[in-house]
Amino acid sequence: MKILITGGAGFIGSNFVLYMIKNYPSYEIINVDALTYAGNLENLRTIEHHSNHKFVKADIANRSELEPLFEQGFDAVINFAAESHVDRSILHPEIFVQTNILGTQTLLDLSKQYHVLKFVQVSTDEVYGTLGETGLFTEDTPIAPNSPYSASKAGADLLVRAYHETFGLNVNITRCSNNYGPYQFPEKLIPLMIQNALQDKPLPVYGDGLNVRDWLYVEDHCSAIDLVLHKGSAGEVYNVGGRNERNNLQVVRTILEELGKPESLISYVKDRLGHDRRYAIDADKIRHELGWQPKFNYEDGIKETIRWYLGNTEWMAQVASGTYQQYYETQYKDR
Ligand code: NAD
Ligand code: DAU
């Protein structure tokens, strides 16, 4: 197979590229990434010289940069590229529309024109909005996004659906819950809290800290996308999640405990605007129809993740320098 992977220098994309090179060494992978603040070629250092991995710096919303690549012909396109952080979408929604909606539409159009056999859109459970105390998101839950980020991802999902219905493009959409693991940028809850705890800095918990997320180790997300790529039925949506619901305070306390740091580092700060209260995924469809099984339980996964950050302090120092510091100061200054 010859596959175009977009966003393959980001957190999940780079984990997926490494997973594919390990599990399908004969596949040819073209990895397109614009290398925004979130993209980092260090994540791909171990496969730098691999003959079946080729990195191309390009913007998914720029048709003229992408067209020469599509002219080579791809069996599949897997779209991870996105602006992915909710807080940033509250500060600057326009780039989310540009990349997440226009970028996806550009990829869909080129996939149609160059007869790509399968298009996989990596979406998110956030398109369903928020849950109350009980219940789970299924694939039939109505789309009801609450942040500019999730609205832009929902817009992309609808375009993917439309390219299937109108043009017969063979598409799948995956909607996964919160991922954690190696190479996650420290603007996200888990790496941010690990980084701050290691430096004895306050851990900024939004609101009452009782918002719930359904955590999945990134490698389990990769194995789900692998199954969807190879076995997904045309036009279908698949939810992905491991039934590991934790509120934010529970997550933060586990990190403090593992690192031997005091709870006094927890600092309650102003809540995120439009903060979704609870996400939880019903993944029965992908389990039963495609045979997906997550391998990692949350307790082991979080320990493994903390160990990874402890062993990769240089990586952390490198990504947390420069523009990250500016973002951090703006984001947490008035909270
Ligand atoms: P990330 O922010 O770590 O990585 C995004 C990557 O996309 C970066 O490498 C960035 O350089 C690249 N990119 C951004 N704009 C681009 C553009 N215009 N053209 C080309 N490349 C561009 O994000 P992530 O957490 O790895 O998420 C990857 C995908 O998975 C996203 O589509 C996100 O919506 C989805 N998702 C994430 C999670 C999660 O918990 N992180 C859960 C479910 C779904
Ligand atoms: O559910 C999937 C989504 O998960 C993905 O689509 C997004 O790309 C990804 O960023 C993630 O979104 P969240 O908003 O859930 O993740 P984040 O790590 O930003 O926040 C997790 C929870 O922690 C959320 O309730 C907000 C809270 N939080 C976050 C930060 C950064 C804090 O309390 N303090 C913080 O400093």
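No lab work stands behind these numbers, since they all come straight from the coordinates. Quick caveat, the model's predicted, so the values are computed rather than measured. Glycine gets a Cβ as well: all are built from the backbone with ideal geometry, and neighbour counts include every protein chain shown.
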Alpha-carbon centroids, the range 70-105 and the range 253-279: separation in whole Å: 29
Candidate lysines - alpha carbon under 18 Å from LYS333, same-chain residues fewer than 8 apart omitted: LYS188, LYS201, LYS270
Order by protection proxy (mean Cβ within 10 Å, highest first), peptides 295-304, 170-179: 170-179, 295-304
Charge context of VAL127, other residues only, Cβ under 9 angstrom, K/R +1, D/E -1: -1
Other-chain or far-sequence residues with amide H under 5 Å of ILE266's (modelled H): LEU203
Expected 222 nm ellipticity per residue - DSSP helices of 4 or more, -39500 (n - 2.57), all of the chain, to 500: -12000 deg cm²/dmol
Helix axis angle, 323-333 relative to the chain longest principal axis, alpha carbon, degrees: 50
Sites SER51 and LEU273 - FRET efficiency at Förster radius 41 Å, r taken between beta-carbons, to 0.05: 0.30
Kirkwood Rh in Å, taken over all unlike Cα pairs in the range 186-335: 17.1
Positive minus negative residues near ASP334 (Lys, Arg vs Asp, Glu; Cβ under 15 Å): +1
From phi via Karplus (6.51, -1.76, 1.60), per-residue ³J(HN,Hα) for the range 247-252 in Hz, x at Gly/Pro: 7, 4, 5, 4, 4, 5
Calculated FRET value between HIS230 and GLN293, using beta carbons and R₀ = 22 Å, to 0.05: 0.90
Centre separation in Å (Cα based) which lies between the range 27-42 and the range 293-313: 23
Extension reserve of the ILE90-ASN312 stretch, reckoned as 0.36 nm per residue once the Cα distance is removed: 76.9 nm
For TYR238, distant residues with modelled amide H under 5 Å away: ILE173, THR174, ARG175
Reachable aspartates and glutamates, given that their alpha-carbon falls under 17 Å from the alpha-carbon of LYS261 and they are not under 8 places away in the same chain: ASP200
Orientation-averaged projected area, Cα convex hull of the range 50-98 (nm²): 4.8
Gyration tensor (alpha-carbon) shape descriptor, the range 57-155, a/c threshold 1.5: oblate
Charge sum, other residues only, whose C-beta stays under 12 Å from HIS164's C-beta, Lys/Arg counted +1 and Asp/Glu -1: 0
